[in-house]
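Engineer: Have a look at this one before I ask anything.
The values are calculated or read from the model by the stated rules, or taken from the named source; none is laboratory data. No experiment lies behind these values; they were computed from the predicted model shown. Please note: Cβ atoms are built from the backbone with ideal geometry, for glycine as well, and neighbour counts cover all protein chains shown.
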Amino acid sequence: MGSGRRERRWHGAMMAPDGLTRVDIIVPAGTIRRFSTLLAHGFTVDVPSGITVYELLTGCLGIDPGIFEKQSQTLLHEGRPVDDAVAHRVTAPSSIALSGALPGLFGAAFRKQGRFAPMRHLPVCPGNQSETEAGQIGITVKLFNTAAEAIGTDLLERGVRISVEVFVDFWKRHLDDAPSPEIKIRIDGTDVATADVADRLCSGGGEMFLTVSS
């Protein structure tokens, strides 16, 4: 007779970039969102120079256009608002932040087509140029609040490149003493006890490839 519990399988759809440590985590159903806070620190994606912000987020990252529309009330490139994601191009390594609507005057000022948007008078971002250079560039994408909640689970299941230091700090603060039967983890294909994860990763530094599934 079956136990009624769905067998949990290791995620294997995405390949880790060459040279990066791969960390695969299986968690109880419904708890992947706990890891979504990691995405506020940023994850890296390599994209063609000259790609638009819209193409990057919906094409390269696979974010559903409908969800993007709802969760991109605040969209920043290098800290400056992007009002037209379809036209705004990224031509140099930089960061993009995506958030649902932020509260108060700050949120009103940075919200796309917000009431106070004309008051910003910010210069055009260096990445928003008509002429682009060929080649790949690394972009750091950061997701906050409702955007991380709505999009984070799918991204984590497919895999993201994140800082080893950020992950180890998160693990020590939240999961270092988690019971092993509840969370299963593999590092480069080898099963690792939850209490040993930080020690295994601390010496690495740089980036790692993370998947989280249930």
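Engineer: Going residue by residue through region 169-187, is there one that turns out to be surrounded by 13 or more Cβ atoms within 10 Å (Cβ to Cβ), among the acidic types (Asp, Glu), closer than 23 Å to Thr31 by Cβ and at pLDDT below 80?
Structural biologist: So far as region 169-187 goes, yes, one or more of its residues are surrounded by 13 or more Cβ atoms within 10 Å (Cβ to Cβ), among the acidic types (Asp, Glu), closer than 23 Å to Thr31 by Cβ and at pLDDT below 80.
Engineer: Out of curiosity, is Asp196 surrounded by fewer than 17 Cβ atoms within 10 Å (Cβ to Cβ), more than 15 Å from the chain's Cα centre (by Cα) and at pLDDT 90 or above?
Structural biologist: yes
Engineer: With respect to Leu201, determine if the residue is touching a residue at least 24 places away in the same chain (Cβ under 8 Å), more than 30 Å from Gly50 (Cα to Cα) and surrounded by 14 or more Cβ atoms within 10 Å (Cβ to Cβ).
Structural biologist: Yes.
Engineer: With the requirement that a residue be modelled with pLDDT under 90 and assigned to a helix (DSSP H, G or I), what does region 31-64 give you?
Structural biologist: Of everything in region 31-64, those that are modelled with pLDDT under 90 and assigned to a helix (DSSP H, G or I) turn out to be Ile32, Arg33, Arg34.
Engineer: Let me ask another. Mind checking which residues of region 65-78 are modelled with pLDDT under 90 and not in a helix (DSSP H, G or I)?
Structural biologist: Ser72, Gln73, Thr74
Engineer: Looking only at residues that are among the polar types (S, T, N, Q) and either surrounded by fewer than 19 Cβ atoms within 10 Å (Cβ to Cβ) or under 18 Å from Thr140 (Cβ atoms) (or both) in region 72-103, which one is farthest from the chain's Cα centre (by Cα)?
Structural biologist: Selected residue: Thr91.
Engineer: Can you list the strands (runs of 3 or more DSSP E) lying wholly within region 142-214 that have 1 or more residues being of a type in the set (Phe, Trp, Tyr)?
Structural biologist: Where strands (runs of 3 or more DSSP E) fall fully within region 142-214 and carry at least 1 residues being of a type in the set (Phe, Trp, Tyr), they are 207-213.
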